[in-house]
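The values are calculated or read from the model by the stated rules, or taken from the named source; none is laboratory data. Keep in mind the model is a prediction, meaning the values are calculated, not measured. Cβ sites come from the backbone with ideal geometry, for glycine too, and all protein chains shown count toward neighbours. To get the accessible areas, we keep the full protein, side chains included, count just its heavy atoms, and leave off ligands, DNA and RNA. Shrake-Rupley method; radii C 1.70, N 1.55, O 1.52, S 1.80 Å.
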Amino acid sequence: MNLFVVVLGVLFVLLAIALLIYLITARPYQSSDSVANSYDEWTEDGILEFYWGEHIHLGHYGAPPQRKDFLAAKSDFVHEMVRWGGLDKLPAGTTVLDVGCGIGGSSRILAQDYKFAVTGITISPQQVKRAQELTSPELDLQFRVDDAMALSFPDASFDVVWSIEAGPHMPDKAVFAKELMRVVKPGGVLVVADWNQRDDRKIPLNFWEKPVMQQLLDQWSHPAFSSIEGFSELLEETGFVEGAVTTADWTQETLPSWIDSIWQGIARPAGLVRFGVSGFIKSLREVPTLLLMRLAFGAGLCRFGMFRAIRANSVERRLAVETASRQAKPAQNPPPRVEDIAIKITWARKKTGG
């Protein structure tokens, strides 16, 4: 009996120490540099690529979810997103910007399978380096370091803007939404897949959800999660969107990814030999976050959101949205006159040759 109590006590102490280490070694968002540094480290040590493959995003397991190979599910996700966004109907040579491209897994599928001309951007120099190493020079594909909060491209540069799971790293979701839409050509399409939290304007986070959400933010350099409803509104408020934003909830289709991520460490013991004890410890410390993610998405605290928006063709559309937005807020200055708006539209048409 005494031995059992001692063993139980030792296990409790070890668990407490592990929990303490987990909390004090968190990687909270501080700036874009903290995000870049985190991805640089994960790319350099190779552990994430070994277990997650070329795609640093969740997989698609069907609806309802079916048993599927973890890496195959990730590739399937890209094809499902292409079909959902209507991109499979676009011709070869369509220009695509992949925002938050990681090491280029999705970009390579878009370039190779759909013959698109793809530019992948990430804030991590190491990811760009690795993406270039993995990419055939025969593909119409390039990678560069860029900041999604201040894209270096001119307005209306791409037929398609594509982004998977980059949004949680963005400190200002409104700026992120505007930058995404800004570089889409008129008539072009934006397709985004992202982790989102429940809309807390409707159902506030309860006593256990708040600390869970805080860990999901702090552990992986996330300043905040948007909600599906909230980000849709931000996209429409940019003034660039034609009509309404189309959304979908792919939580159930992607949910098995979290446990599959943990299972990779068990099913692929070669990782222990390849990365040694330090690599094993690094991998092990991510398990609590993966379990918290599974809990959050399974319990409805988080949702996997899909977004599709068409860039408006007309200058009038953007001016109308901007005017409506100003009128909806308490104005410190007098509202614009109809004559002023007409002058702006005439000026914009002359500038664009319309």
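Things to note:
- Checking each residue in the range 105-157 for being within 19 Å of residue 93 (Cα to Cα), of a type in the set (S, T, N, Q) and open to solvent by less than 20 Å² (accessible area, probe 1.4 Å) picks out 106, 107, 119.
- Each residue in the range 72-101 was checked for being part of a loop (DSSP other than H, G, I, E, B) and touching a residue at least 60 places away in the same chain (Cβ under 8 Å), and 4 pass.
- Members of the range 179-202 found to be β-branched (Val, Ile, Thr) and touching a Gly at 6+ places or on another chain (Cβ under 9 Å), listed by number: 189, 191, 192
- The set of residues in the range 64-79 that are open to solvent by 50 Å² or more (accessible area, probe 1.4 Å), among the basic types (Lys, Arg) and under 15 Å from residue 53 (Cβ atoms) contains only 68.
- The requirement of being without any contact (Cβ under 8 Å) to a residue 60 or more places away in the chain, assigned to a loop (DSSP other than H, G, I, E, B) and aromatic (Phe, Trp, Tyr) is fulfilled nowhere in the range 61-71; no residue meets it.
- Conditions (1) on the phi > 0 side of the Ramachandran plot; (2) touching a strand residue (DSSP E or B) at 6+ places or on another chain (Cβ under 8 Å); number of the one not met by residue 46: (2)
- Filter result (surrounded by 15 or more Cβ atoms within 10 Å (Cβ to Cβ) and not acidic (Asp, Glu)) within the range 80-100: 81, 82, 84, 85, 87, 90, 94, 95, 96, 97, 99, 100
- Residues being among the hydrophobic types (A, V, I, L, M, F, W, C), in contact with a strand residue (DSSP E or B) (Cβ under 7 Å, 6 or more places away or on another chain) and surrounded by 18 or more Cβ atoms within 10 Å (Cβ to Cβ) - total across the range 208-250: 9
- Looking only at the range 171-193, and only at residues there that are out of contact with any helix residue (DSSP H, G or I) (no Cβ under 7 Å at 6 or more places or on another chain) and charged (D, E, K, R), the one that is surrounded by the fewest Cβ atoms within 10 Å (Cβ to Cβ): 172
- Sole exception among (1) buried (at least 20 other Cβ atoms within 10 Å of the Cβ); (2) more than 22 Å from residue 281 (Cα to Cα) for residue 35, by number: (2)
- Residue check for residue 227: among the polar types (S, T, N, Q) and at pLDDT 95 or above: yes
- If only residues of the range 251-275 that are under 17 Å from residue 304 (Cα atoms) and polar (S, T, N, Q) are counted, the one that is most open to solvent (accessible area, probe 1.4 Å) is 252.
- Flag for residue 41 being at pLDDT below 95, among the charged types (D, E, K, R) and either assigned to a strand (DSSP E or B) or open to solvent by 70 Å² or more (accessible area, probe 1.4 Å) (or both): yes
- Checked against (1) under 15 Å from residue 300 (Cα atoms); (2) surrounded by fewer than 18 Cβ atoms within 10 Å (Cβ to Cβ); (3) under 19 Å from the mean Cα position of the chain (by Cα), residue 196 meets all criteria but (2).
- Scanning the range 276-320 for residues that are in a helix (DSSP H, G or I), at pLDDT 90 or above and open to solvent by 20 Å² or more (accessible area, probe 1.4 Å) yields 287, 288, 291, 292, 294, 295, 298, 299.
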